[in-house]
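K.L.:
Structure provided below as structure tokens; questions to follow.
The values are calculated or read from the model by the stated rules, or taken from the named source; none is laboratory data. The model shown is predicted, which means the values in this text are computed figures rather than measured ones. As a convention, Cβ positions derive from the backbone with ideal geometry for all residues, glycine included, and neighbour counts pool all protein chains shown. What goes into the accessible areas is simple: the full protein's heavy atoms, side chains included, and nothing from ligands, DNA or RNA. Shrake-Rupley method; radii C 1.70, N 1.55, O 1.52, S 1.80 Å.
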Amino acid sequence: IEWREVVERLHNHACIIMWTALNEAGPSGGWAHNCGAGGGFRNFKTAAVRRQLVTDHEAFVKSVVSGIRRADLQGRPVIECSGFAHVPAARPSVWAIHDYSREATALARTLAE
């Protein structure tokens, strides 16, 4: 409901060129690559619990993105998750990555993946 209200209130602002639904949602590096404290997501609880968390995350992101698209009369592009755990099933218009390295070679490696 919050996103629908935001889009309905702001949809006519000329400075809004795109919607970014979520910023850095999900574990850093995505579900398969997260290796935070204690081994990160790959060691969190059981495999069944992890699968359910991913399923719930994907359903939530898809519902947010579809709500934004329904509310935006101008049909602007939508980024589903800026950085971290992307949800291709949400059909984002733009895909964003976050790489905070200051080295060009590190960014090149990230883009090569």
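K.L.:
So, by mean Cβ neighbours within 10 angstrom, what's the order for 79-89, 6-16 with the highest one leading? Mind showing how you got there, number by number?
P.N.:
Working: 79-89: 19.6, 6-16: 11.3.
Top to bottom by mean Cβ count within 10 Å: 79-89, 6-16.
K.L.:
Also: Give me, ordered by chain and number, the residues 5 or more places off SER82 or on other chains with an amide H under 5 Å from its own placed amide H.
P.N.:
Here LEU22, ASN23, GLU24, ALA25 satisfy the definition.
K.L.:
Still on this model: For the chain, give the magnitude of the charge dipole about the Cα centre (Cβ charges: +1 Lys/Arg, -1 Asp/Glu; no others), in debye to the nearest 20.
P.N.:
That gives a dipole near 260 debye.
K.L.:
Taking N as the number of residues in the chain, what is its alpha-carbon radius of gyration divided by 2.2 N^0.38 Å? Could the numbers behind the result be given before it?
P.N.:
On the way: Rg = 16.1 Å, N = 113, 2.2 N^0.38 = 13.3 Å.
This ratio for the chain stands at 1.21.
K.L.:
A further question on this structure: Taking all protein chains as present, what is the carbon and sulfur share of the accessible area of the chain, in % to the nearest whole number, probe 1.4 Å?
P.N.:
Values: 4250 of 7520 Å².
Of the solvent-accessible surface of the chain, carbon and sulfur hold 56 percent.
K.L.:
What distance in nm separates the simple spin-label points at LEU10 and SER101, each placed 7 Å from Cα in the Cβ direction?
P.N.:
That separation, rounded to one decimal, is 3.2 nm.
K.L.:
Counting helices only, and only those DSSP H runs with n ≥ 4, report the 222 nm mean residue ellipticity of the chain as the sum of -39,500 (n - 2.57) divided by its residues, in deg cm²/dmol to the nearest 500. Can you show the working numbers first?
P.N.:
Values: 3 runs with 43 residues, N = 113.
One gets -12500 deg cm²/dmol as the mean residue ellipticity at 222 nm.
K.L.:
Express the relative contact order of the chain as a whole percentage, based on alpha carbon pairs under 8 Å and six or more residues apart in sequence. Kindly include the intermediate steps, with their values, before the conclusion.
P.N.:
Values: 140 pairs, mean separation 36.2, N = 113.
This gives 32 percent for the chain.
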